[in-house]
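The values are calculated or read from the model by the stated rules, or taken from the named source; none is laboratory data. Owing to the predicted nature of the structure, the values given are computational and were not obtained by experimental measurement. Methodologically, a virtual Cβ is constructed for each residue, glycine included, from the backbone with ideal geometry; neighbour enumeration extends over all protein chains shown. Ligands, DNA and RNA are excluded from the accessible area calculation, which covers all protein heavy atoms including side chains. Shrake-Rupley method; radii C 1.70, N 1.55, O 1.52, S 1.80 Å.
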Amino acid sequence: MSEIICIANQKGGVGKTTTAVNLSASLAGNNKKVLLVDIDPQSNATTSLGFSRSDYEFNIYHTLIGSKKISEVILKTSIKNLDLAPSNIGLVGIEKEYYNAGKKDRELILKEKIKDIAGEYDYIIIDSPPALGPITINALSASDSVIIPIQCEFFALEGLAQLLNTVSLLKKTINPTLKIRGFLPTMFSTQNNLSKQVLSDLTHHFKDQLFRIKKNKECIVVPRNVRIAESPSFGQPVTEYASGSKGSIAYENLAKAIIVGA
Amino acid sequence: MEILSFDSLESTQNYLIDAVTKGELKPPIAVIAKEQSSGVGSRDNEWIGVVGNLFFSFALALETLPKDLKIESASLYFSFIMKELLSRYRDDIYMKWPNDIYIHNQKIGGTITKKIEKNLICGIGINIIKSPNSTYGCLEVAIDPLNILQEYIKELKKMPSWKQIFIKYQIEFEKYKNSYVHINNYQKSLSSAQLCEDGSIIINKKRMYSLR
Ligand SMILES: Nc1ncnc2c1ncn2[C@@H]1O[C@H](COP(=O)(O)OP(=O)(O)OP(=O)(O)O)[C@@H](O)[C@H]1O
Ligand SMILES: [Mg+2]
C-alpha cells in the first residue's frame, strides 16, 4: 500500500507546492514510485513540473466529479518514477457543484478515488490549496499523515491552531489514523533574526515533530534559496534544476527522513 | 524601568496599587520582594512567599500598552511573556487558560492585573526553588529572582502586539485542551471550549473572561 501524505497549511505562500514538488521528486530519486496529486485550483504543482494547460485534457476535477478514473488523468513526468495527477482552474467549481449539493460522504470523495491506484505507488503526495475548505478537508481525509510547512516569517504560526484543531476533529471523526508527520520550517534565512525566532518558537511547541537528519539529529530546515524560487519557471524540481544547491539538499534530507520513517 | 527592591512586603501587588493610587509612584515602575507575607494570587490560592521564589508587580500606563491589547486580555498577555521567558530554563513549561503557568500538571505561578485610573498594575508570582505546599509545583532552577525580573523587563520593552502573543497562545490552548481548568471553583474541561480573539472562552454557549 502506498503512504499518502498531504502537504497543508491554509496560510498562502508558505511553501506547500514547493515542498510537494521537491519532496515528490526526491522520493522518486530514491527509487520510490511516487504520485503527486495536485488538488489546488491554482495548479502550481502542475506547472512547476513543466505542464501547461494545452498539454493535458483531463485533470483531477474530472476524477472528483466521477467522469474520469484517476488512472485516466495521471500524466508521466519527465522524472523517472514520478507521476502527476494534474489540476486546473476548473477545480474551483467542485465546491459549488459537488460539495454544496449535500452529497453523502462528501469529505471522502478523494479518498474513494485514490483507492483505485493506491497499490501502484510507494508514496502519494497531495498538494492542497491555501484554505481550510472542502478541498483541503478531502485531502486530509484521504491521507495517512500531513506535513505542515511553516514559513519563517512574521506571524508564521498564524492560523496554525485552527489547522491543528481541524486535524484533531478529523481524527475524532472520519480519519482516526491521521497523523501529523511533521512541521517543516521553510524560507529560513540565517541573516534574519525573525527566522531564528520562528524556529525557536516551533522548537518550543513541537520539538518532537520536526524532521531530523538521521545521523546527526539535526533539524531539517529549508533555507530561503534562489534556486528553489527559479526552478518552477524551468518546469523542474530544484533537485533537477540545481542539484547540490542548499535548497535541493534540504528536500533530499526530507525525503530520506520520510523513507526511514523519522 | 526602575525596580524597587524590598526584603519583605506584605504583597508587592497591594503595595504598588496603594502607591500608584496615592500618586507616590508613577509608571513605569516595578517592585520586587524577597519575601512576602500575604502574597498575590487568585481565587483562594494565596501566593504566600518563600524566600528564593519570585514575587513582583509592575505598573504601566495604559497608553504604553500594545494598541491591540484589550484590558481583559492583559493578564494572559503578561503571563504568556513570562512563560516564554521561563521556557528558556525548562522546556516542559506550559500555560493553562487563562494565565496559570504549569509544569507536570502542577501550577508554578500565575498573574493578576488591576486597572488603577489610567494605569495597569500587574503582579506575577513564580515558585522558583520551593512550592508553598504539595498542590503546587516549582521551577527547580537555581536562578536569582531579580535576574528573572530584569530579563522579563527586557522582554516587556519589545512589547509584542497582542496578535503576536495570541497566535502562540492559541497553539498552547489547542495542545492542552484536554486538561481541566477551575472556573468558580468547578473543574471544567476545555475540550469543547472555543477560544476567542480577546482571550475569553466559550463553553456551553457561555462566554467567560479571565477575571484577573
Ligand atoms: N525555500 C525557498 N526559497 C526561496 N523561495 C521559495 C522557497 N520556498 C518557496 N519559495 C517561493 O515562494 C513562493 C511561494 O511558495 P509556494 O508556491 O510553494 O507556496 P504555497 O504554500 O504552495 O502557496 P499557495 O498557498 O499559494 O499554494 C513561490 O514563488 C516559491 O517559488
Ligand atoms: Mg501552492
Mind checking which of A:16, A:214, A:179 has the largest fluctuation in a GNM of chain A, springs on alpha carbons under 10 Å? A:214
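Using only alpha carbon positions, build the gyration tensor of segment A:136-262, then give the equivalent ellipsoid semi-axes as the square roots of 5 times its eigenvalues, largest first, whole angstrom. Could you put the intermediate results ahead of the total?
Working: eigenvalues 127, 65, 46 Å².
The answer is 25, 18, 15 Å, longest axis first.
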Relative contact order computed over chain B (Cα-Cα under 8 Å; 6+ residues apart), in percent: 19
May I ask you to give the solvent-accessible area per residue for segment A:3-260, in square angstrom, as obtained with a 1.4 angstrom probe? 43
Can you work out the PRE-style zone for residue A:118? Point 7 Å along Cα to Cβ, and I want the residues of segment A:166-198 with backbone N under 16 Å. A:174-179
Candidates B:18, B:91, B:198, ranked by Gaussian network fluctuation over chain B, Cα under 10 Å, top entry: B:91
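What is the Å³ per residue value for the convex hull set by the Cα atoms of chain A? List each step's numbers first, then the result.
Numbers: hull volume 31.1 nm³, N = 262.
Convex hull of Cα atoms, per residue: 119 Å³.
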Give me the distance in nm between label points sitting 7 Å out from Cα along the Cα-to-Cβ direction at residue B:130 and residue B:147, one decimal. 2.0
One quarter of the C-alpha convex hull surface, i.e. the mean projected area of segment A:1-124 in nm², amounts to 7.5
Which aspartates and glutamates, on any chain, are close to residue B:168 with Cα under 17 Å apart, when same-chain ones fewer than 8 places away are left out? A:153, A:158, A:201, B:68, B:84, B:91, B:92, B:100, B:155, B:197, B:198
Measure up B:22/B:118; B:83/B:175; A:69/A:111; A:196/B:67; A:215/A:256 against 20 Å on the Cα-Cα distance and list the ones that go over. A:196/B:67
How far is helix A:246-260 tilted off the main Cα axis of chain A, in degrees rounded to 10, range 0 to 90? 70
What is the spin-label model distance, in nm, from residue B:106 to residue A:72 if the labels are put 7 Å beyond Cα along the C-beta direction? 6.6
Residues of chain B: accessible area per residue with a 1.4 Å probe, Å²: 46
Cα coordinate range in segment B:87-210, projected on the principal axes (Å, largest first): 44, 38, 26
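Quick one: which of A:33/A:115; A:171/B:107; A:217/B:158 span more than 25 angstrom between C-alpha atoms?
Numbers: A:33/A:115 16 Å; A:171/B:107 30 Å; A:217/B:158 33 Å.
Listed pairs above 25 Å: A:171/B:107; A:217/B:158.
When the accessible area of the protein assembly as shown is computed with all protein chains present and a 1.4 Å probe, what percentage of it is carbon and sulfur? Each step should come with its number before you reach the end.
Numbers: 10440 of 21050 Å².
Answer for the protein assembly as shown: carbon and sulfur cover 50 percent of the accessible area.
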Under 10 Å, Cα contacts only: if you run a Gaussian network model on chain A, which one of A:38, A:83, A:208 comes out with the highest mean-square fluctuation? A:208
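Using a 1.4 angstrom probe on the protein heavy atoms only, could you order A:53, A:181, A:227, B:88 from most to least accessible area? Write out the running numbers ahead of the final one.
Details: A:53 165, A:181 45, A:227 95, B:88 125 Å².
Ranking A:53, A:181, A:227, B:88 by accessible area, largest first, yields A:53, B:88, A:227, A:181.
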Taking every pair of alpha-carbon atoms in chain B, give the share separated by more than 22 Å as a whole percent. 46
With equal scatterers on the alpha carbons only and no solvent term, can you work out the Debye log10 of I(q)/I(0) for segment A:3-70 at 0.22, 0.28 1/Å? -1.11, -1.34
Could you tell me, in Å, what Rg and Dmax come out for the Cα atoms of the protein assembly as shown? 26.0, 80
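Please find the FRET efficiency linking residue B:116 to residue A:191, where r is the Cβ-Cβ separation and R0 is fixed at 56 Å, and quote it to the nearest 0.05. Intermediate results must be reported in sequence, preceding the final value.
On the way: r = 44 Å, r/R0 = 0.78.
That gives a FRET efficiency of 0.80.
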